[in-house]
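Take a look at the structure below.
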Amino acid sequence: MADFSNEGGLWMSRALGASAGAAVSLVYLLPKSRREAASRFFSGLSCGLIFGGPTGLWLMERLGLADMLSASEVMLSGSAAASLCAWWALGILARVAERWKGSE
C-alpha cells in the first residue's frame, strides 16, 4: 500500500492531477459562460485535491495495479479522475437546472 504522507511531491501530483482533470473536461463539455467555466473548474480542482487520494487508491485496487504504480502516480490519476467526475456532474446539473428554469 502506498504511503500518503504530507510530502511536497504528493501535493504537487494532487494539484497537477486535479488541474488536468478539470482542463480535459473543458474539451468534452464546453461551458456556456466564463462564470460557469470558472465555477466548474474551481469545483473540480477542489474535489480533485480533496478526494484524489481515496479515488486513486480505489482505482488502483479495482484495476489490480497495486504493485505497478508509485504513490505519485496513484495520487495524480486519482486527482484527475475525481476532478473529471466533479466537472461532469456539475456541468450536467447546471444544464438540467437551466432547462427546468426555462420551462416554467
Before we move on, is residue 82 within 22 Å of residue 38 (Cα to Cα), among the hydrophobic types (A, V, I, L, M, F, W, C), in contact (Cβ under 8 Å) with a residue 40 or more places away in the chain and in a helix (DSSP H, G or I)?
yes
Looking at 40, 99, 62, 95 in this structure, which one is surrounded by 12 or more Cβ atoms within 10 Å (Cβ to Cβ), part of a helix (DSSP H, G or I) and out of contact with any helix residue (DSSP H, G or I) (no Cβ under 9 Å at 6 or more places or on another chain)?
95
Unmet requirement for residue 54, which otherwise passes all of (1) surrounded by 13 or more Cβ atoms within 10 Å (Cβ to Cβ); (2) part of a helix (DSSP H, G or I)
(1)
Looking only at region 1-25, and only at residues there that are of a type in the set (Ser, Thr, Tyr) and under 13 Å from residue 83 (Cβ atoms), the one that is modelled with the lowest pLDDT
25
Some residue of region 26-46 being more than 23 Å from residue 68 (Cβ to Cβ), modelled with pLDDT under 85, within 11 Å of the chain's Cα centre (by Cα) and aliphatic (A, V, I, L, M)
no
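The values are calculated or read from the model by the stated rules, or taken from the named source; none is laboratory data. Values in this document were obtained by computation on a predicted structure and should not be read as measured data. Cβ coordinates were reconstructed from backbone atoms using ideal geometry, including for glycine residues, and neighbour counts include every protein chain displayed.
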